Ligand SMILES: Nc1ncnc2c1ncn2[C@@H]1O[C@H](COP(=O)(O)OP(=O)(O)OP(=O)(O)O)[C@@H](O)[C@H]1O
Ligand SMILES: Cc1cn([C@H]2C[C@H](O)[C@@H](COP(=O)(O)O)O2)c(=O)[nH]c1=O
């Protein structure tokens, strides 16, 4: 028999946290690292990732569902997630591709649930329907003072204004974002087997290295592939 090295199992990795903490930056950097190791990986985001879910994204983030209330918005996020999981995430994992998502179900827990006041029973019920058992293998919660993260986002605003209309959750006040930060920290504390909270105020390079080291510790097959 040929001695072919085992292909690492496909992993589902999510990045979570408040606005401007560096999730998209680290998702892109992780994709580069995985591709360098010849690991096929799909980069995606929530809300979005599929044409139907992107339509829901535009509807919510343009503020068109704001008057419907946080409960109805949780249902909309879950509808987008249902399509995202069934049309993109599950098929990708089943075909051996890693999936890296910029936000996932913890954002609904934090924004609509813990910060928005939506009943936990509704949040959990929607989650069961939308995830259909596809829990992330690991979730990085990037944590930092929202006042500092806001300064980062403001630097990005001009680019963003040209690309799309503003995101309505970014317009909430600092006190709201401080509660959101605590919500993500509480999710991390309650799910230590899945969530890793990392300080996001460090440099992009240092944070990328911390994420990579964590993945190598968590998934020994990755380290074995690197040799
Ligand atoms: N570690 C870092 N140090 C300094 N600036 C950073 C760092 N990481 C990202 N940035 C910058 O901060 C801004 C926000 O980063 P990014 O878009 O990755 O955050 P995000 O968490 O995805 O934001 P959002 O939730 O609003 O989509 C960008 O201009 C990015 O270049
Ligand atoms: C998945 C998800 C997202 N949100 C909010 C969080 C952000 O304000 C936007 C997404 O914008 P980003 O620039 O892509 O981060 O949507 C939410 O409230 N609930 C969710 O489930």
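The values are calculated or read from the model by the stated rules, or taken from the named source; none is laboratory data. From a predicted model like this one, the values you see are computed outputs, not experimental measurements. Every residue, glycine as well, gets a Cβ built from its backbone with ideal geometry; the counts of neighbours run over all protein chains shown.
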Just the residues that are assigned to a helix (DSSP H, G or I) and over 14 Å from the mean Cα position of the chain (by Cα), please, taken from region 176-195. 176, 177, 178, 179, 180, 181, 182, 183, 185, 186, 189, 190
Residues in region 1-20: is at least one crowded, with 18+ Cβ neighbours inside 10 Å and assigned to a helix (DSSP H, G or I)? no
If you go through region 196-209, how many residues are more than 6 Å from ligand 1 (Cβ to nearest atom), surrounded by 15 or more Cβ atoms within 10 Å (Cβ to Cβ) and outside any loop (DSSP other than H, G, I, E, B)? 4
Search result, residues across region 48-75 that are under 17 Å from residue 105 (Cα atoms), free of Cβ contacts under 8 Å to residues at least 40 places away in the same chain and assigned to a loop (DSSP other than H, G, I, E, B): 48, 50
Cβ contacts < 9 Å: first residue farther than 19 Å from residue 38 by Cβ, restricted to region 202-227; second residue in a helix (DSSP H, G or I) and at pLDDT below 95, any location; separation 6+ or different chain. Result? 217/223
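Of 43, 109, which residue is within 16 Å of the chain's Cα centre (by Cα), within 11 Å of ligand 2 (Cβ to nearest atom) and surrounded by 15 or more Cβ atoms within 10 Å (Cβ to Cβ)?
109
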Considering every residue within region 33-42, establish whether at least one is away from ligand 1 (no atom under 16 Å from the Cβ), closer than 30 Å to residue 205 by Cβ, without any contact (Cβ under 8 Å) to a residue 40 or more places away in the chain and not in a helix (DSSP H, G or I). yes
